[in-house]
Amino acid sequence: MVVYFYLNYFIFVPKYYHEKKYAAFILISIICLVASVKIPDLIITNEDIHNALKAQNPFGFRNKGPRPQPSFIMQLFIDKTAYQFYLALSIGILLKTSQYINGIEQDMLKSEVSYLKAQINPHFLFNTLNSLYALSLVKSDDAPNAILKLSSIMRYVVTESSNEKVLLKNEIAYITDYIDLQKLRLTSNTEIDYSVTGETDGHKIAPLLFIPIIENCFKYGVSQTEKSIIKIRIMTEGKKIVLQTQNRKVTRNISELEKTETGIVNTQKRLDILYKNNYNLEISNTEDYYSVLLKINLV
């Protein structure tokens, strides 16, 4: 029972029960149950039982004879070993499931904290305000529109991003405003190739999933002196949405690279929680280029 309990706790429950491979889990449990009931019969012989009864009856009182043995199927329900097995099975499932749920809650909390921290990047906000200040000094006609976009971004982050799901078209509008504001600080050395294709109406998505990936493009691919191009594609195909980004790596700052890796890890954790088995994330990180391909089934 002890051996079965630990096998069930560390292997069977996490690898089969929690992965929803119920048929395999039930089959394994039945095999283990049969083994648990039969193994004592193989270890303890009739002679052992006779000697034990004799030890319990040293004065030679007449025994009424052996009781009729129940069928093997009945043993699976009434045998003491079977009860111990069901107890080990139940405790293993409950303990591991409790641990599993606690782990998910911890991941959710960590992911939520990272997600909230990433909602407004301070550097982006400072750069945008500096750009707006520069536009206001020269009384540029672009200043009012830029202020409107910043206001729209702040409103979206404060009001809608706390929801479990948001309209895809609103998420894309937020991304578009974000990219437009990033352009304010860019020189002619950086080219932005951004496009949205496919139908966006009628779809919902978890908020701010794409922005850490897009943000990385501007961390890696913007330079005041080197030529670079940032490509961002958002495509919808039925209930599937695809984000594809690519940028030339012109930033070699180690701290920035570490922040980028952390952002990707946090994004992947959110994807695991929100779209488990319904997404595919491919990252290509070469010496010169950084590319991301993310596909999500909007179920």
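Before moving on, here are some points about what is shown:
- Exactly one residue out of 194, 133, 174 is surrounded by fewer than 19 Cβ atoms within 10 Å (Cβ to Cβ) and either of a type in the set (Asp, Glu) or modelled with pLDDT of 90 or more (or both), and it is 194.
- Matching residues in segment 136-161 - criterion: being polar (S, T, N, Q), surrounded by 11 or more Cβ atoms within 10 Å (Cβ to Cβ) and either assigned to a helix (DSSP H, G or I) or in contact (Cβ under 8 Å) with a residue 24 or more places away in the chain (or both): 136, 145, 151, 152, 161
- Hey, residue 240 more than 17 Å from residue 175 (Cβ to Cβ) and in contact (Cβ under 8 Å) with a residue 40 or more places away in the chain or not: yes
- Output for segment 276-288, where each listed residue is of a type in the set (Ser, Thr, Tyr) and surrounded by 14 or more Cβ atoms within 10 Å (Cβ to Cβ): 279
- Within segment 198-241, the residues that satisfy the criterion of being among the polar types (S, T, N, Q), within 27 Å of the chain's Cα centre (by Cα) and over 24 Å from residue 145 (Cβ atoms) are 216, 236.
- Once segment 132-169 is narrowed to residues that are among the charged types (D, E, K, R) and touching a strand residue (DSSP E or B) at 6+ places or on another chain (Cβ under 8 Å), the residue that is nearest to residue 243 (Cα to Cα) is 165.
The values are calculated or read from the model by the stated rules, or taken from the named source; none is laboratory data. Treat the numbers as computed from the prediction; the structure is a model and nothing was measured. Positions of Cβ are generated from backbone atoms using ideal geometry, with glycine treated the same way; all protein chains shown enter the neighbour counts.
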